[in-house]
Structure formats: C-alpha cells, structure tokens
1. Restricted to the stretch 27-58, and to residues that are basic (K, R) and without any contact (Cβ under 8 Å) to a residue 60 or more places away in the chain, which residue is nearest to S108 (Cα to Cα)?
2. If you scan the stretch 89-103, which residues turn out to be of a type outside the set (S, T, N, Q) and at pLDDT 90 or above?
3. Quick one: in the stretch 463-483, of everything that is at positive phi and of a type in the set (G, A, S), which residue is surrounded by the most Cβ atoms within 10 Å (Cβ to Cβ)?
4. In the stretch 392-475, which helices (runs of 4 or more DSSP H) lie fully inside it and hold 3 or more residues that are within 17 Å of the chain's Cα centre (by Cα), within 16 Å of the ligand (Cβ to nearest atom) and in the same structural domain as L377 (by TED's automatic domain parsing)?
5. Search the stretch 261-284 for residues being assigned to a loop (DSSP other than H, G, I, E, B) and at pLDDT 95 or above, and hand back the single one that is nearest to I8 (Cα to Cα).
6. For the stretch 59-76, how many residues meet the condition of being in contact (Cβ under 8 Å) with a residue 12 or more places away in the chain and of a type in the set (G, A, S)?
7. Any residue that is touching a strand residue (DSSP E or B) at 6+ places or on another chain (Cβ under 9 Å), in a helix (DSSP H, G or I) and under 30 Å from R263 (Cβ atoms) - is there at least one of those in the stretch 143-157?
Amino acid sequence: MNIDEFCIDAESFLGKIDKEYYLHFAGLKKELNLKIIYDEYPQLFDAGSVNFFKDLFNNSKGGNKKKAKHLLEFSAEGYMGKRFAHIADRIANNEASSKIQIDDKEVSFRYSDIMLSNEEDSKKRSLIEDKRLKTTAEIFNPDLVQFWESMHTEAESFGYKNYADMFMQIKGFDFYKLEKEMDMLVSSTDSLYREHMGRLFQNKLNISLEGSRASDFAFIKRAKEFDMFFKKEQLIPIFKDTMRMMGIDIDNQSNIIMDVDERENKSPRAFCCTVKVPSEIYLVVMPTGGQDDYQAMFHEGGHAEHFANTKGNLDIAYRYLGDSAVTEGYAFCLENLAWDRNWLIDVLGMNNEAADDFTYFLSIINLFFLRRYAGKLKYELLLHSDKQVKGKDIEYSHVLTDNLIMKYFPENYLKDVDENFYCTNYIRAWIFEAQVKEYMLKKFGYKWYKNRKAGDFLKEIWSYGMKYSPEEVLEFLDYKGLDINYLLNNTINLLKGR
Ligand SMILES: [Zn+2]
C-alpha cells in the first residue's frame with residue numbers, strides 16, 4: 001500500500017462527498033447520491049485498507065502511530081459507510097420527499113420540525129409529533145433496521161466483539177468510562193434539573209415536567225420571547241462583527257464561501273462543508289432568527305474558522321482526519337458566546353434583566369443537552385452491543401425519558417442515533433470547551449471576545465487542524481487531559497442560587 005497515494009485519493013474523495021452534501025442540503029441538488037462517489041474510490045475502503053492501517057497502528061510509534069490512527073478511523077468509517085451507502089441514500093431521499101398532512105396542508109417532513117417548535121397550541125404540537133412518529137415508524141424505520149443490523153453484522157465479521165467494541169478500539173478511548181462520568185454528572189444534577197426544568201415548564205406552558213412530551217420542550221427551546229434580540233436580519237452582521245472584534249475579518253477570508261440565500265429545500269439549520277481544507281470551506285446559513293438560529297450560526301462558524309485557519313502544509317491526515325471532538329470543541333467555543341452575559345449586553349444590546357433571564361434560560365437548556373447526551377451514550381452502548389435491534393425501542397424510550405423526564409417515544413429509536421458513536425465527540429467537546437474557555441478567561445479576561453489576543457490564540461490552536469487530540473491540546477495549555485469537573489462545576493454554578 002502506498003500511503004501517500006492513499007492520502008491523495010482520500011482528500012479528493014472527501015472533497016467530493018462534502019460538495020455533494022453541500023449541494024443537497026443547500027437545496028441546489030435534489031438527490032443525494034453518495035454511492036456514486038464511493039464507487040469512484042474502491043481502493044480507499046476495502047477490508048484490506050482497514051486491516052493495513054490496523055496493523056500499522058498496532059506496530060508503529062509516535063507520529064507514525066498517530067497518522068495510522070487517523071487513517072484507520074477514516075478507512076473503517078468509510079468502509080462501513082460505503083457498504084451501506086445505498087440504504088443511507090434511500091433514507092435521506094425518503095426523508096427529503098416525505099410529506100405529512102397538517103390542517104389539510106401538505107408539509108415536508110423536514111419542515112414539520114420547524115412548525116413543531118413554533119406551535120403554541122400543545123394539542124396541535126402533539127398532533128404534529130404523532131404524525132412525524134407515524135412517518136418514522138412506517139417509512140424510515142424498516143430501512144433503519146436494515147441499516148443498523150447490517151452495520152452490526154459487519155463489525156462482527158471484522159473480528160470485533162460488536163459495533164460498540166469496534167468504535168471503542170478505533171477511537172481509542174473507553175466509552176464505558178465516559179458513560180460513568182456522565183452518569184455522575186446526571187446524578188449530581190438530578191435535583192437541579194427537576195427544579196429548574198420543572199419551573200420552566202410551569203412558567204412557559206403551565207404544565208408539569210412529569211408527563212410532558214419531547215415536543216413540548218421543542219417549543220420551549222424555540223423561546224420566541226427572546227426573538228426580539230435575535231433578529232433574522234442581524235444574524236450575519238452580528239456574527240461578522242463578533243469575529244472582527246477578535247481580529248478575524250470573514251469578508252476578507254476568500255476561503256470561506258458564505259451561502260446565505262433562501263431556497264426551498266435548503267436545510268433551515270446552518271451547516272459547514274469542508275470541500276478543501278483550508279482553501280474551500282462552505283458556511284451555509286438560511287437565517288430564520290431566534291436564539292437557536294444564532295447558536296447554530298456561531299457553532300458552524302466555529303467549524304468554518306477552524307478549518308479555514310488550518311495550515312495548508314499539514315499532512316492530509318491532520319487537515320481532515322482525527323478526533324472530531326477537537327473541531328466540535330472549537331465550534332462550541334463560539335456557540336457558547338450566546339450565553340455569555342457580557343456578550344449579550346455588549347454586542348447584542350440586551351439590558352441586564354434580559355441578559356439575566358436569557359442566561360438562566362440557556363443554562364437549563366445546556367443541562368438538558370448534557371443529560372440528553374448522557375442518555376444517548378448509554379442507549380447507543382446498549383443498541384450497539386447487540387446484533388439485533390429488536391426491543392431496543394423500549395430501552396430508548398426508558399433511558400431518555402429517565403434522564404429528561406419528558407416523554408421520549410420509542411419510534412425514534414433508530415433515527416435518533418448518530419453513526420460511529422458521534423455522540424462521544426459532543427460529550428468530549430463539551431468537556432474540552434469548558435477547559436479551553438477557562439484558560440481563555442484567565443488569560444484574556446471575561447471580555448475575551450473583544451480581545452485580539454484571544455483571536456490570535458484561537459487562530460493558533462485552529463492552525464493545527466485535527467493533528468492533536470483534545471487531551472494533547474489541553475496538555476499544551478497545562479491541563480492534565482480532559483476533566484469533566486470543569487464542565488460539571490460550570491453547569492452547577494450557572495444554576496445554583498437561581
Ligand atoms: Zn459541530
């Protein structure tokens with residue numbers, strides 16, 4: 001195997017995949033056709049490549065070992081992706097073309113999600129949710145059963161105990177240790193969560209958290225009452241202004257292509273596609289306004305800046321591949337500005353009272369997400385330790401409902417699952433971000449986002465692309481690896497005494 005040739009092909013493949021995602025989710029191309037692209041590169045994802053990098057990883061040291069690990073993860077994920085790309089395409093295309101009937105009107109399945117979070121009438125919310133669940137059970141789940149069971153079989157035929165074991169080996173850290181740490185977070189925040197989330201449900205919907213549904217939370221999270229501060233027209237200027245305060249002028253970054261046009265089939269949630277790192281990065285936004293729209297914009301903007309600032313002369317294996325918790329951490333670093341009280345007052349123009357209300361609200365939402373991902377990890381470990389998915393729908397509903405109290409319905413048990421244990425990347429990224437943020441606050445002050453030195457610092461850590469793991473980046477900053485206590489303490493402190 002010629003590793004250099006493999007890397008060149010990998011870069012060209014990744015560029016085409018991301019371009020296809022961009023075109024489809026930007027509403028510029030109706031069909032998503034990943035299979036054609038996979039078929040162009042048979043040499044990248046055969047079992048031989050996976051075994052080659054597995055051996056290389058096991059038998060090398062230092063930089064070679066790191067590079068082998070990145071390539072092993074890429075080839076194994078790609079191998080699995082390719083084997084079942086035809087099912088994944090069918091699922092995405094079904095989702096894009098599915099319609100549900102609401103008030104005698106046909107609404108696209110994807111758009112019904114937005115309708116749900118904007119619907120004030122709880123009966124109607126339940127109705128939309130029921131119709132979405134029915135479509136999921138009848139149209140998506142048969143394909144999803146086939147998809148996940150095929151993945152599980154494939155992992156075993158590869159010599160791993162199961163799919164969970166496969167990704168734990170490849171990603172190189174202990175999923176069960178992370179599960180335990182998150183269990184600790186869940187139990188230490190139990191009473192805080194019940195108290196504050198319960199109060200939020202009471203105040204906003206006049207219902208108790210017990211017996212509520214996930215769709216009720218979708219409406220609460222939408223938080224229309226804060227819309228006046230998060231105007232659609234202001235989204236892009238505010239993002240650009242914030243970056244400019246840190247010394248980053250996105251208008252002069254010709255490698256970031258911002259697509260802000262409105263199109264019928266464009267994803268309403270912002271996203272970023274890295275077609276060529278660092279020279280061709282798409283930042284795709286369709287402003288709708290509202291706090292979650294701002295958060296998504298800053299999150300995806302964080303990804304875009306990370307990859308746009310990555311050094312072009314880094315090895316391909318370090319520009320595109322590696323531990324995604326790193327890029328997610330940088331994305332959260334910007335996203336979490338939306339609950340920085342100072343930024344809300346300084347940049348968004350909130351008064352003190354509104355800033356207090358809003359940061360309190362977001363602290364509860366933040367705790368929700370930590371507990372949701374703790375549940376997702378626990379459930380995904382159950383789902384992926386077995387070959388068959390039968391009966392896991394009930395487990396899904398139990399685990400998520402236990403952590404979040406509001407009802408999670410069994411129908412979503414295969415749809416609410418990310419491939420390759422991506423949930424661990426978010427969890428590790430939250431822990432990582434809490435530590436990086438602590439470092440920045442100490443070094444650049446509590447108005448760090450106005451400090452050009454903070455911008456220079458970010459540009460510097462971004463420039464290493466994906467080369468270093470979160471643990472390694474933290475070691476450069478004098479921390480001893482990932483430590484969940486920073487995240488846990490922040491979360492508790494934001495809610496204690498409110
Ligand atoms: Zn992200």
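1. Here the answer is K29.
2. Within the stretch 89-103, R90, I91, E95, K99, I100, I102 meet the criteria.
3. G465
4. Result: 422-444.
5. This residue is V277.
6. Result for the stretch 59-76: 3.
7. Scanning the stretch 143-157 turns up no residue that is touching a strand residue (DSSP E or B) at 6+ places or on another chain (Cβ under 9 Å), in a helix (DSSP H, G or I) and under 30 Å from R263 (Cβ atoms).
Conditions tested, residue by residue: (1) buried (at least 19 other Cβ atoms within 10 Å of the Cβ); (2) of a type outside the set (A, V, I, L, M, F, W, C); (3) modelled with pLDDT of 95 or more; (4) not assigned by TED's automatic domain parsing to the domain that holds M350.
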residue: D165; (1), (2), (3), (4): no, yes, yes, yes
residue: M184; (1), (2), (3), (4): no, no, yes, no
residue: D190; (1), (2), (3), (4): no, yes, yes, no
residue: M197; (1), (2), (3), (4): yes, no, yes, no
residue: Q234; (1), (2), (3), (4): no, yes, yes, no
residue: M243; (1), (2), (3), (4): yes, no, yes, no
residue: D249; (1), (2), (3), (4): no, yes, yes, no
residue: Q253; (1), (2), (3), (4): no, yes, yes, no
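The values are calculated or read from the model by the stated rules, or taken from the named source; none is laboratory data. Source: prediction; values computed, not measured. Reconstructed Cβ throughout: ideal geometry from the backbone, glycine too, with neighbour counts over all protein chains shown.
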